[in-house]
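Take a look at the structure set out below.
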Amino acid sequence: MQGESAGESVGPDVWETCRELIPAGSVFAFLAEHREVLFPPEFFADMYPSANGRPSLPPQVLAATVVLQSLTGLSDFGTVQELRCDLRWKAACGLGLYDTAFDPSLLTYFRRRLARSADPMRIFTKVKEAVTATGVLRGKQRRALDSTVLDDAVATQDTVTQIVAAIRRVIREVPGAGEVADRWCTAHDYTDPGKPEIAWNDEAARRALVGPFAHAPSGHFRANAAWLALAALAHNLTRAAGTLASAFHAKVICATVRDHLINVPARLARSARRLTLHLPERRPWQDAFQALFHALHAPPPAV
């Protein structure tokens, strides 16, 4: 459901009270004065077809935010920080002095609605018309009017950067994780604390950067960090099992250890309150499996 402005800002209206602090002729002043004319409510009606549900944030606020974001090249998180702390951004987007803005994920959802609509370039077309009429953006119109923002390059930058940060944290805290990262993630130096320098709208470059971690199983960063930690833990346990089983399995890759010692066909039987595991006879790796079993289940040494 499309949200509408309630007419009351959170705190004093920044444009009304601090107008003299906003650079005259700037894009901030232009959006503050003409935002409602550029982006009337009916301009976004097809993006919010349902009349039911919780009202969204007014799309005029999000549209002005996306324009400023595309001009400055900030991430979603950085954009929201500017909205919270910078009077120019508050004035341009119609926020009150005490307004804490919104969650960065709303920008991603808004861009998706925009990209899937009948006219994905509507915001930039309007801005282009304003540029032609007023010249307010001067030399910045190319950055403001390209379609990169519709490809979610800034959202992808946030996502990939946080995945890289999670990999760094796991390398620091999980024994053996560095070996896994060195083997699979070779497109970036994870000892470098800086942000990776790649073309964020280049899918191949992003995929090469994080390798197999580009398609982590969850959409939540903490869940992906936990998944990565568990993957490193599983790798370490598999290597330890191979070392305990035999000299041969201590040197083979993890996939071989899984095939020989973990993915073992067997039948579990219950009798007299005891569980019996029936293993296949004449299995080539029977001795290694038994050595691993006895090493794990042997009684502790006498003290």
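The values are calculated or read from the model by the stated rules, or taken from the named source; none is laboratory data. Being a predicted model, the structure only gives us computed values, none of them experimental. Methodologically, a virtual Cβ is constructed for each residue, glycine included, from the backbone with ideal geometry; neighbour enumeration extends over all protein chains shown.
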*Report, by residue number, each residue of region 74-90 that is touching an Asp or Glu at 6+ places or on another chain (Cβ under 9 Å) and not in a helix (DSSP H, G or I).*
Leu74, Ser75
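A quick yes/no check of all residues on (1) in contact with a Pro (Cβ under 8 Å, 6 or more places away or on another chain); (2) part of a helix (DSSP H, G or I); (3) loosely packed, with under 14 Cβ neighbours inside 10 Å; (4) at pLDDT 75 or above:
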position: Ala204; (1), (2), (3), (4): no, yes, yes, no
position: Phe213; (1), (2), (3), (4): no, yes, no, no
position: Pro217; (1), (2), (3), (4): no, no, yes, no
position: Asn236; (1), (2), (3), (4): yes, yes, no, yes
_Number of positions in region 246-281 that are touching a Phe, Trp or Tyr at 6+ places or on another chain (Cβ under 7 Å) and either buried (at least 16 other Cβ atoms within 10 Å of the Cβ) or charged (D, E, K, R) (or both)_ = 2
*asked:* Being of a type in the set (A, V, I, L, M), part of a helix (DSSP H, G or I) and at pLDDT below 85 narrows it down to one residue among Leu71, Leu57; which is it?
replied: Leu71
*Report yes if some residue within region 54-74 is in the same structural domain as Leu21 (by TED's automatic domain parsing), under 22 Å from Ser9 (Cα atoms), surrounded by fewer than 15 Cβ atoms within 10 Å (Cβ to Cβ) and touching a residue at least 24 places away in the same chain (Cβ under 8 Å); otherwise report no.*
yes
_Given the options Ala144, Ala115, Ala92, name the one that is modelled with pLDDT under 85, in contact with a helix residue (DSSP H, G or I) (Cβ under 6 Å, 6 or more places away or on another chain), buried (at least 21 other Cβ atoms within 10 Å of the Cβ) and among the small types (Gly, Ala, Ser)._
Ala144
*Return yes or no: is Gly25 outside any loop (DSSP other than H, G, I, E, B) and of a type in the set (Gly, Ala, Ser)?*
no
